[in-house]
Amino acid sequence: MLREISIAGIYVPAIFFYFLASLVIYLILDAILVRMNIYQWFWHVQLVRLCLVGIIFSLTFIFIPLQ
């Protein structure tokens, strides 16, 4: 069950840490895809990036347990 985590007396939702982890993974993957010039194959690059964020966030939420 998701709960709040206290950091210096401030309660932060646990989902925030999932978002930070998925953001780091996304930035690394996006840099790789830009460097390999993969985005030229897509018509709507922003939509592909949004889908990547959703997929990475979902996989992070499923596979990284937060105790």
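Laboratory data are not the source of any read-out in this text; all were calculated from the coordinates shown. This one's a predicted model, so the numbers in the text were calculated from it and none came from an experiment. Cβ: placed from backbone, ideal geometry, glycine included. Neighbour counts: every protein chain shown.
List the residues whose amide H sits under 5 Å from the amide H of Ile5, counting only those 5 or more places along or on another chain, with H placed 1.01 Å from N in the peptide plane.
Those qualifying (amide H under 5 Å, at least 5 residues apart or on another chain) are Val12, Ala14.
Here are a few candidate values for mean projected area of the Cα convex hull in nm²: [x] 4.7; [y] 5.5; [z] 5.7. Which one was actually calculated from the structure I just gave you?
Here the calculated entry is [y].
Summing Lys, Arg as +1 and Asp, Glu as -1, what charge do residues with Cβ under 12 Å from the Cβ of Ile56 carry, Ile56 excluded?
Values: positive: Arg49; negative: Asp30.
The answer is 0.
Please identify every one of the trypsin sites (Lys or Arg not before Pro) in the chain that sits in a loop by DSSP and has no more than 12 other beta carbons within 10 Å of its own beta carbon.
Of the trypsin sites (Lys or Arg not before Pro), the ones in loops of the chain whose Cβ has at most 12 other Cβ atoms within 10 Å are Arg3.
Okay, helix-only estimate at 222 nm for the chain: each DSSP H run of n ≥ 4 adds -39500 (n - 2.57), divide by all residues, round to 500 deg cm²/dmol; what do you get?
On the way: 2 runs with 41 residues, N = 67.
Rounded to the nearest 500, the figure is -21000 deg cm²/dmol.
Can you tell which of Phe57, Phe17, Phe42 shows the greatest fluctuation in a Gaussian network model of the chain with Cα springs below 10 Å?
Per the Cα network of the chain with a 10 Å cutoff, Phe42 tops the list.
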